[in-house]
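J.: Sharing a structure below in structure tokens format, with a few things to ask.
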Amino acid sequence: MGKGIVEKLKKDFPIEEQWVGYQLRPETPPQGILLKDQFSDLDINKMINNLRNAGAPYGINFNPYEVLSNSRLALEATEYAKDCGMFDEFHEAVFQAYFLQGKDIGKLAVVLDCADKVGLDADMLQKNLTENLYHDRIQQARQLASQYKVAGLPAYFFNDKKRIVGAQQYSVFVKAIEELL
């Protein structure tokens with residue numbers, strides 16, 4: 001959804017994007033945790049319906065998922081994809097794996113499969129992940145998020161003056177940008 005909004009905004013306004021991978025819940029165990037255990041008051045069906053409604057204008061049909069993945073491996077792998085000039089492709093593959101196919105993006109095999117699907121060198125990625133090559137970048141992103149007081153995702157910042165957090169209507173983004181122009 002966020003990507004769809006950003007792509008539409010880039011067509012409608014002279015903006016540039018900078019994606020920063022942020023792990024909202026680093027305390028999530030490596031094997032993930034069931035959503036119902038992490039958020040006992042959460043109505044998962046309502047959440048999925050809300051996601052589907054928000055995603056519909058962008059052609060995204062969210063499927064139910066039950067596990068809150070530990071996203072560290074996926075975020076570190078995304079840094080590798082950036083270095084290889086394949087951020088968009090890999091980011092989309094991970095998004096589809098998690099939100100549309102219900103796969104656990106905290107599992108190395110899922111992350112490597114996403115890499116392979118988009119033509120990244122999965123063996124080199126695995127080596128880099130094993131060596132924690134991108135760990136510092138994720139830590140720096142965490143510090144930046146702390147500085148900006150990020151408490152929810154996605155989070156969008158406009159010239160350090162406007163902030164939008166969460167799945168919002170396109171009109172909210174348009175208003176924010178127009179106020180800055």
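The values are calculated or read from the model by the stated rules, or taken from the named source; none is laboratory data. As the structure is a prediction and not an experimental result, all values here were calculated from the model. Ideal geometry is used to build each Cβ from the backbone, glycine not excepted, and the neighbour counts take in all protein chains shown.
J.: Could you tell me whether residue 129 is touching a Leu at 6+ places or on another chain (Cβ under 8 Å) and modelled with pLDDT of 95 or more?
T.: It is true that residue 129 is touching a Leu at 6+ places or on another chain (Cβ under 8 Å) and modelled with pLDDT of 95 or more.
J.: Among (1) loosely packed, with under 15 Cβ neighbours inside 10 Å; (2) farther than 27 Å from residue 9 by Cβ, where does residue 178 come up short?
T.: (2)
J.: When you check residue 135 against the structure, is it in contact with a helix residue (DSSP H, G or I) (Cβ under 7 Å, 6 or more places away or on another chain) and surrounded by fewer than 17 Cβ atoms within 10 Å (Cβ to Cβ), yes or no?
T.: Yes: the conditions hold for residue 135.
J.: In the range 85-99, is there at least one residue being out of contact with any Gly (no Cβ under 8 Å at 6 or more places or on another chain), part of a helix (DSSP H, G or I), loosely packed, with under 12 Cβ neighbours inside 10 Å and among the small types (Gly, Ala, Ser)?
T.: No: the range 85-99 contains no residue that is out of contact with any Gly (no Cβ under 8 Å at 6 or more places or on another chain), part of a helix (DSSP H, G or I), loosely packed, with under 12 Cβ neighbours inside 10 Å and among the small types (Gly, Ala, Ser).
J.: Checking the structure you have, find out if any residue of the range 104-125 is under 22 Å from residue 152 (Cα atoms), assigned to a loop (DSSP other than H, G, I, E, B) and either modelled with pLDDT under 95 or touching a strand residue (DSSP E or B) at 6+ places or on another chain (Cβ under 9 Å) (or both).
T.: There is at least one residue in the range 104-125 that is under 22 Å from residue 152 (Cα atoms), assigned to a loop (DSSP other than H, G, I, E, B) and either modelled with pLDDT under 95 or touching a strand residue (DSSP E or B) at 6+ places or on another chain (Cβ under 9 Å) (or both).
J.: If you go through the range 36-63, how many residues are under 30 Å from residue 134 (Cβ atoms) and not aromatic (Phe, Trp, Tyr)?
T.: 8
J.: Next question, about the same structure. Can you spot a residue in the range 140-149 that is over 16 Å from residue 25 (Cα atoms) and either at pLDDT 95 or above or among the basic types (Lys, Arg) (or both)?
T.: There is no residue in the range 140-149 that is over 16 Å from residue 25 (Cα atoms) and either at pLDDT 95 or above or among the basic types (Lys, Arg) (or both).
J.: For residue 46, all conditions in the list (1) surrounded by 14 or more Cβ atoms within 10 Å (Cβ to Cβ); (2) of a type in the set (Lys, Arg); (3) assigned to a helix (DSSP H, G or I) hold save one; what is the number of the exception?
T.: (1)
J.: Using beta carbons and a limit of 6 Å, which pairs, at least six apart or on different chains, have the first residue in the range 61-90 and free of Cβ contacts under 8 Å to residues at least 12 places away in the same chain and the second one crowded, with 20+ Cβ neighbours inside 10 Å?
T.: Once the first residue is free of Cβ contacts under 8 Å to residues at least 12 places away in the same chain and sits in the range 61-90, no partner that is crowded, with 20+ Cβ neighbours inside 10 Å comes close enough.
J.: Could you figure out which of (1) closer than 18 Å to residue 174 by Cα; (2) of a type outside the set (Ser, Thr, Tyr); (3) in contact (Cβ under 8 Å) with a residue 12 or more places away in the chain isn't true of residue 10?
T.: (3)
J.: Pairs only if they're at least six apart or on different chains, beta carbon under 8 angstrom, first in the range 152-181 and acidic (Asp, Glu), second outside any helix (DSSP H, G or I); list them, first residue then second.
T.: 179/162
J.: Just give me the residues in the range 76-131 being farther than 22 Å from residue 4 by Cβ and among the β-branched types (Val, Ile, Thr), in sequence order.
T.: Across the range 76-131, the qualifying residues are 110, 111, 130.
J.: Restricting to the range 27-41, name every residue that is loosely packed, with under 13 Cβ neighbours inside 10 Å and either part of a loop (DSSP other than H, G, I, E, B) or touching a residue at least 60 places away in the same chain (Cβ under 8 Å) (or both).
T.: Correct list: 27, 29, 30, 31, 40, 41.
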